[in-house]
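Asks: My questions will all concern the structure given below.
The values are calculated or read from the model by the stated rules, or taken from the named source; none is laboratory data. Just so it is clear, the model here is predicted, and its values are computed rather than measured. So basically every Cβ, Gly included, is an ideal-geometry build from the backbone, and we count neighbours across all protein chains shown.
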Amino acid sequence: MKQKQIILPQWSHNKFIVLIGLMGAGKTRLGRLLAKLLDLPFIDTDIEIEKAAGLTIEEIFNNFGEDYFRDGEKKVLTRILSGEPSILATGGGSFMNPITREEIKKVGISIWLRADIDLLVKRTKIRSDRPLLKQGNGRQILSKLMEDRYPIYSKADFVFDISEESALVTAKKLIEMLNKTRSFDKKPDKKDYG
């Protein structure tokens with residue numbers, strides 16, 4: 001029996017749902033599940049970057065450095081955001097770029113998947129292909145990333161706390177949160193009042 005499609009509120013139609021957060025927060029896993037439940041396309045920016053570069057993220061970091069990676073990431077995100085609205089899982093550093101944040105704000109709804117340090121450490125130990133974590137102690141690196149990035153991530157349209165719950169339970173709670181939001185008015189920038 002086919003699962004009934006879940007419908008989001010009108011204010012969210014024709015917008016990207018952009019998942020942001022640190023590595024290990026579950027952006028890809030949750031994004032795939034949301035896309036299935038909402039019958040929307042799913043895009044993982046890391047996969048799109050690897051396709052465009054013909055290299056893995058780790059190879060890009062190792063051969064060209066983080067600045068080169070971030071520049072390519074910005075270009076790929078710009079291309080994606082000019083396309084069909086979808087569920088979008090972004091890299092942990094992408095939302096740090098003010099230009100990228102503005103592009104997301106214009107065409108999407110940003111959702112910060114906020115997780116605590118213990119959960120992030122547990123989840124990131126599972127995969128060995130995270131270049132930033134190969135530079136030392138994973139817990140210390142994640143703590144520093146939290147310190148640097150969480151103030152910027154807090155600029156997201158929504159903050160959604162991640163726990164040990166299953167991805168399906170988490171996805172349903174996130175959809176419920178969006179459906180309980182009656183309207184969505186973004187805070188205007190000062191420049192809007194030129």
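Asks: Is it the case, given these coordinates, that Leu37 is buried (at least 17 other Cβ atoms within 10 Å of the Cβ), modelled with pLDDT under 90 and in a helix (DSSP H, G or I)?
Replies: It is true that Leu37 is buried (at least 17 other Cβ atoms within 10 Å of the Cβ), modelled with pLDDT under 90 and in a helix (DSSP H, G or I).
Asks: Ok, one more. Hey, among Ala25, Ala53, which residue is modelled with pLDDT of 90 or more, closer than 30 Å to Arg139 by Cβ and touching a strand residue (DSSP E or B) at 6+ places or on another chain (Cβ under 8 Å)?
Replies: Result: Ala25 is the single residue among Ala25, Ala53 that is modelled with pLDDT of 90 or more, closer than 30 Å to Arg139 by Cβ and touching a strand residue (DSSP E or B) at 6+ places or on another chain (Cβ under 8 Å).
Asks: For the structure I just gave you, tell me whether Gly24 is surrounded by fewer than 17 Cβ atoms within 10 Å (Cβ to Cβ), small (Gly, Ala, Ser) and farther than 12 Å from Ala89 by Cβ.
Replies: For Gly24, the condition - surrounded by fewer than 17 Cβ atoms within 10 Å (Cβ to Cβ), small (Gly, Ala, Ser) and farther than 12 Å from Ala89 by Cβ - is not met.
Asks: Still on this model: Can you tell me which residues in region 167-194 are among the basic types (Lys, Arg) and modelled with pLDDT under 90?
Replies: Lys172, Lys180, Arg182, Lys186, Lys187, Lys190, Lys191 - these are the residues of region 167-194 that are among the basic types (Lys, Arg) and modelled with pLDDT under 90.
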